[in-house]
Amino acid sequence: MPEARQPLSIQTRLLHHSHKTDASTGAVSIPIQPASTFHQKSVDHFGTFDYARSGNPTRQALEETFAELENGTRAFAFASGMAAISSTFMMLSAGDHLVITEDVYGGTYRFTTEILPRHGIEYTFVDMTNVEEVKKAIRPNTAMIYMETPSNPTMKITPIREIVTLAKNHDCLTVLDNTFMTPVLQRPLDLGVDVVVHSATKFIGGHSDVVAGLAVVKDRDLANQLKFLQNSFGAILGPNDCWLIMRGLKTMHARMTLSSATAHDIAVWLNDHPTVKHVYYPGLENHPGYELNNSQAEGAGAVLSFELSDRSAVKAVVEAMSIPVFAVSLGAVESILSYPAKMSHEAMPPNERAKRGITDGLLRLSVGLENKDDLIADFEQAFHKISREKQVPSLKK
Ligand SMILES: *Cc1c(COP(=O)(O)O)cnc(C)c1O
């Protein structure tokens, strides 16, 4: 490729990177290599690949491409987002302490509370938006601070730079779950974060047809540690799934841009609607993290949550809506409506859910690629099904 005149934007780099064509054939799609083992030419010299858990060409193409997109040096592809996250947690050792955001993804909550203590790792949940609280939670043995921003499902914004500064002062690693944003909207390594993790099942894959995870780092030593863990744990992503993720990357910018624009318009509409008690979307000016998010990300993303009066209103709306699928997950071409109390956060005890604002009236919407007016019309007809007395007077703004 001839030298580019200026640094290419991520929109272009999603399509034009070192693996845009296959070096041996010129094919414009990366080949899927299913081999589990590789012939070696001599006892003295082994090739780049020997056994597919340790390295596979299709996976390598994805890992190199993704590292470039996050402005990292190395990326690692895992069998799921949770495989990426739990492998990253295995950088901790017995006796270490973890400071973690209280409104973390439900599966990460489960791993933290039920698996880490068995290995002698302590944890403290904090409101990660409150730097003073994070500072107070740090102990001499704190080895890692784990962020997720925007958080799930109430879309709280963590001040990434401030947490990174705090962590560096205390010699702690920082990890950030960037699933809701993707590198199109937020590049935490540029803000000083050590490890970025993703559920690639969501916006990166984008089509609800693959489960995958990614972890990305800049630092060489951390890269070696993660490589060792990926190979030791063995929760690698298979070659077919690597190919699907590579294909998803090609349209990621287009999907994120359209879905985020539609999410913004729906958030504004919901915010003005008398049936809705509260809207959580960092792209609304009344959101407490609006300015902060703008200072560290290039958009507010395509996920929003909104609160109805109670469970019966949720039931009526879910049953009346015809466009979004009602399902676990997010980040797809089709809009997905989900019920955090019964889905993503079911693993969390009810009192913990309540503390985090995950009420029985809360719904989360991941906006897909449908026409905006069609989605709004679908909400409008569904809200009509809620009985009159459930309509709350507008206290917003
Ligand atoms: C889905 C999700 C995960 C877990 O990813 P899987 O691919 O389902 O294992 C982690 N973090 C966030 C924010 C998620 O949405």
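The values are calculated or read from the model by the stated rules, or taken from the named source; none is laboratory data. For clarity, every value in this text was computed on a predicted model and none was experimentally measured. A quick note on method: Cβ atoms are made from the backbone with ideal geometry, for glycine too, and the neighbour counts reach across all protein chains shown. For the accessible areas, the whole protein counts, side chains as well, though only heavy atoms, and no ligand, DNA or RNA atoms are used. Shrake-Rupley method; radii C 1.70, N 1.55, O 1.52, S 1.80 Å.
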- prompt: How big is the Kirkwood radius of the range 253-390, worked out from every pair of different alpha carbons and given in Å to one decimal?
  reply: 15.2 Å
task: Report the dimensions of the range 10-247 along its three principal axes from the alpha-carbon atoms, largest first, rounded to Å.
output: 56, 41, 29
query: Counting Lys and Arg as +1 and Asp and Glu as -1, each charge on the Cβ, what is the dipole of the range 10-247 about the Cα centre in debye, to the nearest 20?
result: 320 debye
task: Averaging sequence separations of C-alpha pairs under 8 Å and six or more residues apart, then dividing by the length of the chain, give the relative contact order as a whole percent.
output: 17 percent
task: Normalise the Debye intensity by I(0) for the chain, one equal point scatterer per Cα, no solvent, then take log10 at q = 0.08, 0.09 Å⁻¹ and round to two decimals.
output: -0.43, -0.54
message: Give me the 1.4 Å probe accessible area per residue for the chain, excluding ligands and nucleic acids, in Å².
response: 43 Å²
Cα gyration tensor category, rounded, prolate or oblate, for the range 48-172 with a/c compared to 1.5: prolate
query: Which one of Ile323, Leu284, Asn351 is farthest out on the positive end of the charge dipole of the range 284-397, using unit charges on Cβ (Lys, Arg +1; Asp, Glu -1) and the Cα centre as origin?
result: Asn351
query: Normalised by the residues of the range 253-390, what does the relative contact order come to in percent, with Cα pairs under 8 Å and at least six apart?
result: 28 percent
statement: Counting sequence-distant residues (5 or more places) and residues on other chains, those with an amide H built under 5 Å from that of Asp177 are Met147, Glu148, Thr149, Val197
- prompt: Once phi is turned into θ = phi - 60°, what whole-Hz ³J(HN,Hα) does the Karplus curve with 6.51, -1.76 and 1.60 give for every residue of the range 177-188, x standing for Gly and Pro?
  reply: 7, 9, 4, 5, 9, 6, x, 5, 9, 8, 10, x
task: Could you go through the range 82-87 in sequence order and give the Karplus-derived ³J(HN,Hα) for each residue, using 6.51 cos²θ - 1.76 cosθ + 1.60 with θ = phi - 60°, rounded to whole Hz, and x for Gly and Pro?
output: 5, 5, 5, 5, 5, 5
query: Relative to the present Cα-Cα distance, how much length would full extension add between Arg110 and Ala354 at 0.36 nm per residue of separation?
result: 86.2 nm
message: With θ taken as phi - 60° and the coefficients 6.51, -1.76 and 1.60, list the Karplus ³J(HN,Hα) couplings across the range 357-363 in order, rounded to whole Hz; mark glycine and proline as x.
response: x, 8, 7, 6, x, 8, 10
message: From the C-alpha coordinates alone, can you work out the Kirkwood hydrodynamic radius of the range 1-120, in Å?
response: 17.9 Å
message: Pairs of alpha-carbon atoms within less than 8 angstrom and 6+ residues apart define the contacts here; what relative contact order does the range 10-247 have, in percent?
response: 25 percent
query: Whose amide H sits under 5 Å from the amide H of Ser29, counting only residues 5 or more places off or on another chain, with H placed in the peptide plane?
result: Asp22
- request: On a C-alpha basis, how far is the centre of the range 201-218 from the centre of the range 100-166 in Å? Whole number, if you could?
  value: 22 Å
Distant-in-sequence amide H partners of Asp103 (H built 1.01 Å from N, under 5 Å): Met128
task: Could you check how much of the accessible area of the range 253-390 is carbon and sulfur, as a whole percent, using a 1.4 Å probe?
output: 54 percent
- prompt: Under 11 Å from the 7 Å Cα→Cβ point of Asp374, by amide nitrogen: which residues of the range 318-334?
  reply: 323-324, 334
- prompt: Using alpha carbons only, what's the Rg to Rh ratio of the range 312-352 with Rh from Kirkwood?
  reply: 1.02
